[in-house]
Amino acid sequence: VTVDAADPGDVPAGIDRGVTAVICGTLPLAQETRRVLERARINVPARCSLACVGSGLGEYPCTGYYIHADQKAEAIVQLLRDPSVKRPTTLWLNGTYFDLGTTAAIQSLMVASESLLLPSPRLNQLTA
């Protein structure tokens, strides 16, 4: 397994080289990656899984863990109002898992199909 960082615009080329999954670190990156994959007519998740861990407002473009911006703001305000908290401190924000059908097990990618690039023995992952 290899993990590389890339811009959303580089994802289609990565998939052509055997990338099987894209994990985005922010909601805007996931939204842009989804648009790039749609423009390139890359079937998600049949050809590549797409997931995200992020926060923000709006529609979520793919499967992942998300925290709504209101939840994030509320947690920060509570932290600032608590006089017993010593600073600096760590704030752990639990996201909610949303399954939007954009990920699939590797076995489902191994289906024989002329239009599907079969993964090489060394599966690659790409993070956007």
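The values are calculated or read from the model by the stated rules, or taken from the named source; none is laboratory data. Since the structure is predicted, the reported quantities are computational estimates derived from the model, not experimental observations. Note: ideal-geometry Cβ built from the backbone for every residue, glycine included; neighbour counts use all protein chains shown. What goes into the accessible areas is simple: the full protein's heavy atoms, side chains included, and nothing from ligands, DNA or RNA. Shrake-Rupley method; radii C 1.70, N 1.55, O 1.52, S 1.80 Å.
Some observations on this one:
- For GluC sites (Glu not before Pro), the sites in region 33-81 that DSSP calls loop and that have at most 12 other Cβ atoms within 10 Å are Glu59.
- Probe 1.4 Å, protein heavy atoms only - accessible area per residue of region 29-71 in square angstrom: 51
- Loop sites in region 1-86: trypsin sites (Lys or Arg not before Pro), DSSP, at most 15 other Cβ within 10 Å: Arg17, Arg41, Lys86
- Cys24 long-range amide H proximity, modeled H, under 5 Å: Ala51, Cys52, Val53, Ala128
- Whole-number D in µm²/s for region 1-88 (Stokes-Einstein; Kirkwood sum over Cα pairs; 4 °C, 1.567 mPa s): 88
- In region 1-108, chymotrypsin sites (Phe, Trp or Tyr not before Pro) in a DSSP loop with at most 14 other beta-carbon atoms within 10 Å: Trp92
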